[in-house]
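**Q** Input: one structure, supplied below.
The values are calculated or read from the model by the stated rules, or taken from the named source; none is laboratory data. It should be emphasised that the depicted structure is a prediction, and the values quoted were computed from it without experimental measurement. Cβ: placed from backbone, ideal geometry, glycine included. Neighbour counts: every protein chain shown.
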Amino acid sequence: MAWSILASTSAGSSDTINVTTSAIDTSGADLIVLSVASYIVVSNPLPSDSKGNTWHPARSAFSASLSRVSLYYAYNPTVGTGHTFTCGIPATQNFPSISVVAVSGALLTDPLDQTNGGTASSSTTVSTGNITPTQDNELIVTSVAGQADITTGTPPSGFTIQTSVTFAGGVHWSSGIATQIQTTATTVGATWTLGTGTHCAVIASFTAASAATGNPWYAYAQQ
């Protein structure tokens, strides 16, 4: 089963504390990846959605005093029309924004494979560091949190931005999600280019459903 990008959405907070996206149709998705960009806080962000899915932490990256990005995922989720996503930060004025992408083609048991993350201060770029997927045909997802606009910069080479939130000073951080579908497992990293500021970025790979069905021992067991 090939990977398909089915839907995406993003939103920035209007009250510096909580954020909820507009509704999308996630019908057919077997993996949803959600990213929260925020001011750094002691407690982790608390993502939720209107379908009551369980959100698993994939990777976080944060600077010493400013920005944070936290990547979550829900596998084999409950999906459908009118699907919204929310994140509440358990503190005041943490300027969150949220980006979400829903896809099909994932392994139905936990598909998370490799992760990495990085930060940069007073810079126009931020890099995730590299990962090497363990299987062919994996979905690579990278996300960023920044104090400057993604839309005025450039996306990571080899990746396609699926959704992004512009920076709004004093209200919310910028954020975005970009994806790449590998044919052959290859070491990969992502470098985001934004305006000058303190930025964080993460990268994660997810195993395709075909990784199970393509395993000869799996095929033998089905006979």
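**Q** Taking the criterion of being of a type in the set (Phe, Trp, Tyr) and modelled with pLDDT under 95, would at least one residue in segment 59-71 satisfy it? Before the answer, list the steps.
**A** Taking segment 59-71 first, the residues of a type in the set (Phe, Trp, Tyr) are 62.
Of the ones still in play, those that are also modelled with pLDDT under 95 are 62.
Looking for residues that are of a type in the set (Phe, Trp, Tyr) and modelled with pLDDT under 95, one finds at least one in segment 59-71, hence yes.
Here is a yes/no grid of residues against (1) within 21 Å of Thr198 (Cα to Cα); (2) among the polar types (S, T, N, Q):
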site: Trp3; (1), (2): no, no
site: Ser14; (1), (2): no, yes
site: Val19; (1), (2): no, no
site: Leu31; (1), (2): no, no
site: Ile40; (1), (2): yes, no
site: Asn44; (1), (2): yes, yes
site: Pro77; (1), (2): no, no
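**Q** Answer yes if at least one residue in segment 111-128 is in a loop (DSSP other than H, G, I, E, B) and among the β-branched types (Val, Ile, Thr), and no otherwise.
**A** Going through segment 111-128, the residues in a loop (DSSP other than H, G, I, E, B) turn out to be 111, 128.
Those left that are additionally among the β-branched types (Val, Ile, Thr): 128.
Yes; the residues of segment 111-128 include at least one that is in a loop (DSSP other than H, G, I, E, B) and among the β-branched types (Val, Ile, Thr).
**Q** Mind checking which residues of segment 78-111 are at pLDDT 90 or above and either surrounded by fewer than 21 Cβ atoms within 10 Å (Cβ to Cβ) or touching a His at 6+ places or on another chain (Cβ under 6 Å) (or both)?
**A** We begin by selecting, within segment 78-111, every residue at pLDDT 90 or above; these are 78-86, 98-111.
The answer is Thr78, Gly80, Thr81, Gly82, Thr84, Thr86, Ser104, Leu108, Thr109, Asp110.
**Q** OK, next. Report, by residue number, each residue of segment 4-36 that is modelled with pLDDT of 85 or more, part of a loop (DSSP other than H, G, I, E, B) and surrounded by fewer than 20 Cβ atoms within 10 Å (Cβ to Cβ).
**A** The answer is Ser22, Ala23, Asp25, Ser27, Gly28.
Residue-by-condition table, conditions (1) outside any loop (DSSP other than H, G, I, E, B); (2) touching a strand residue (DSSP E or B) at 6+ places or on another chain (Cβ under 7 Å); (3) farther than 15 Å from Ala11 by Cβ; (4) free of Cβ contacts under 8 Å to residues at least 40 places away in the same chain:
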{"position": "Asp149", "(1), (2), (3), (4)": "no, yes, yes, no"}
{"position": "Gly158", "(1), (2), (3), (4)": "no, yes, yes, yes"}
{"position": "Thr163", "(1), (2), (3), (4)": "yes, yes, no, no"}
{"position": "Gly170", "(1), (2), (3), (4)": "no, no, yes, no"}
{"position": "Gly176", "(1), (2), (3), (4)": "yes, yes, no, no"}
{"position": "Thr186", "(1), (2), (3), (4)": "no, no, yes, no"}
{"position": "Leu194", "(1), (2), (3), (4)": "yes, yes, yes, no"}
{"position": "Val202", "(1), (2), (3), (4)": "yes, yes, yes, no"}
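**Q** Residues to consider are Val69, Val19, Val79; find the one that is under 18 Å from Ile203 (Cα atoms) and touching a residue at least 40 places away in the same chain (Cβ under 8 Å).
**A** Details: Val19 fails: under 18 Å from Ile203 (Cα atoms); Val79 fails: under 18 Å from Ile203 (Cα atoms).
It is Val69.
**Q** What number of residues within segment 37-58 are surrounded by fewer than 20 Cβ atoms within 10 Å (Cβ to Cβ) and either small (Gly, Ala, Ser) or part of a strand (DSSP E or B) (or both)?
**A** The number of residues fulfilling the criteria is 7.
**Q** Any idea which of Pro133, Pro156 is under 28 Å from Ser4 (Cβ atoms), modelled with pLDDT of 95 or more and surrounded by 19 or more Cβ atoms within 10 Å (Cβ to Cβ)?
**A** When all the criteria are applied, what remains is Pro133.
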